1. Taking neighbour counts of Cβ atoms within 10 Å as a proxy for exposure, in what order, fewest first, do 104, 205 appear?
2. Report the label-to-label distance for residue 80 and residue 105 in nanometres (one decimal), using points 7 Å from each Cα along the Cα→Cβ vector.
3. Sorted by average packing, counted as other Cβ atoms within 10 angstrom per residue and highest first, what order do 131-137, 149-155 take?
Amino acid sequence: MPNKTLKPGAVSQTVAAFLDTAKAVSVQTGQTLGHLIFAMDATASRAPSWDVAMSIQADMFAESAALGGLEVQLVFYRGLLECQSSGWTRDAAELGRLMSTVGFLAGRTQIERVLRHALKESNQKKVNALVFIGDAMEENVDLLADAAGQLGIRGVPVFMFQEGGGEPAAAAFKHIAKVSGGAYCPFDSSSPGALSALLRAVAAFVSGGAKALEDYENRHGGSLMRLTDQMAKR
């Protein structure tokens, strides 16, 4: 199905919401630096919404770096064999420079490579979570589940954002989230609040753990996806 473009007006609101939660949770929990891998599908199907999505992510990284509560590693794949990662950094300028060079190229998905990369990184340091934004899945689901399950064993939940919804990606994304102990959320231009809510909830989790996430959801509830419920059912 065609991708739907995110509304530009939602960009600053989403970033602000993410940062507000990260600040609040850092103060409440006294947690030290959290580590977040942020991975993106940069294949051609993402083209209609790529510029706006990149703006959201670049601004979020820049402001998160200023917060001091999150250290981020950017991962993206595109084309036939290209899958790259940045170093771990809170340097807003470096992340902005890197993201400005990323364009889209036609190719198949490489989600397994992203998951295996996260496993490798988790051997080097504590990784609090992996966030993935994509719209499609063209891989062996059993291999994806194996890698996601290993991340779950190591305490690295995978939060899957699916642009546009649709099968078979939705079923695969949900399974990856479930076996890793993470959560799944579809989003499109008609539901910018869902993306905002998930970003805020993930910020709470990375900064303060499962208790901070539960506290956040208890305060906000309503239309917010029940991420803690998903995580409990893994």
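1. The order, fewest Cβ neighbours first, is 104, 205.
2. 1.0 nm
3. Descending packing order for the listed peptides: 131-137, 149-155.
Just so you know, all these numbers are worked out from the coordinates, no wet-lab data involved. Note that this is a predicted model, so its numbers are computed, not measured. As a convention, Cβ positions derive from the backbone with ideal geometry for all residues, glycine included, and neighbour counts pool all protein chains shown.
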